[in-house]
Amino acid sequence: MNARNSRTTVTVAVGWLVFGVVCVLGAALAALAGLPGRLAEQRAFDSAAACPAAPREPADCRWKQEFTISAIRLYAGRHSEITATLTDRSGRERPTEFKSNEPLLDDLDDGDTVVGTIWRGEVVEIAAPGGVQETEANPGGFAEAAMGTVVVLGPTGLLVIAASGWRLRRRADEEPPRALTGLLWFTGAQAAGSLALGILVAAGGWSVWLIPGLWPVMAAATAGLTVLAVRKAGDVSAALGGTGTAPSTDEDGARAV
């Protein structure tokens, strides 16, 4: 490898190394600062009982109350907000944000009556004929997002750091080993799969602990598919600073590793 290609390899590998470190730091931040609080809030909401009477101050119990909905604003494109105003019988208005138009808000009209569930002083969901819809104050999904962040960024960052360090140690080689290419493929596929798993768990309302529980199973399947793919496909080492050509062969026609 000439000096120019060697410098390119080092530059790209160092860039991947920095990316890996950022991912690990992000996972650590989510695990230490975000996840515990989200899990505690989710447990408190799930275990909250019905209030014996209308609470005068924010309380950990749930209270259902009728509201008249008005000023409905649905999603209308990028940066738009999904909001509505909920007014109780006393005339008190509660501007409320929602996560999406569905399944209820887009079927409601100004002046319709809904039943809101209040927890810790916030309306966390509304109900009407046709379904129930969560508001932005509902803690559902946040724990899954925090757990998904940890599972996606943590392993991805560690694998990228390992691959980058490996490439830096072998920077004199024209092409990285096929095993290193496989590691890169596995890292990308596992990151995408982990993200999809987190979204699926959040959408299904399943236990957040399914994410770390299923991660090793998914990793084993991804590793097997990666081995098959690397054996059948050409080398795509350009992502780690190589030229992207197929691995060279020795005089007897065997692939170099």
> So how tilted is helix 178-204 from the main axis of the chain? Cα-based, degrees 0 to 90, rounded to 10.
Replying inline: 10 degrees
> With each pseudo-label sitting 7 Å past Cα toward Cβ, what's the V10-D110 distance in nm, one decimal?
Replying inline: 6.7 nm
> For the chain, what is the relative contact order in percent, using Cα pairs closer than 8 Å and at least 6 residues apart in sequence?
Replying inline: 22 percent
> Taking a point 7 angstrom from the Cα of S70 along the C-beta vector, which residues in the stretch 98-131 have backbone N less than 12 Å away?
Replying inline: 110-112
> How far is helix 3-29 tilted off the main Cα axis of the chain, in degrees rounded to 10, range 0 to 90?
Replying inline: 30 degrees
>> Which residue, V132, W119, S100, has the largest displacement toward the positive end of the dipole of the stretch 49-134 when charges sit on each Cβ (Lys, Arg +1; Asp, Glu -1)?
In response: W119
> Which Cys in the chain stand alone, with every other cysteine's Cβ at 4.7 Å or more from theirs?
Replying inline: C23
> Remind me, relative contact order of the stretch 39-163 in percent, using alpha carbon pairs under 8 angstrom and six or more residues apart?
Replying inline: 22 percent
>> Which order do the peptides 105-115, 155-165 come out in when sorted by mean C-beta neighbours inside 10 angstrom, highest first?
In response: 155-165, 105-115
>> Give the separation of the Cα centroids, the stretch 178-238 to the stretch 35-86, in Å.
In response: 36 Å
> If you work out Rg and Dmax of the Cα atoms in Å from the coordinates, which of (i) 25.8, 89; (ii) 19.6, 76; (iii) 21.3, 97 do you get?
Replying inline: (i)
> Could you give the angle, 0 to 90 degrees to the nearest 10, between helix 35-46's Cα long axis and the longest principal axis of the Cα atoms of the chain?
Replying inline: 30 degrees
> For the pair L228 and W206, how long in nm is the line joining their label points, each one 7 Å along Cα→Cβ?
Replying inline: 2.2 nm
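Every number here is computed from the coordinates shown, using simple stated rules; none is lab data. Small disclaimer: the values here were computed from a predicted structure and weren't measured. Note: ideal-geometry Cβ built from the backbone for every residue, glycine included; neighbour counts use all protein chains shown.
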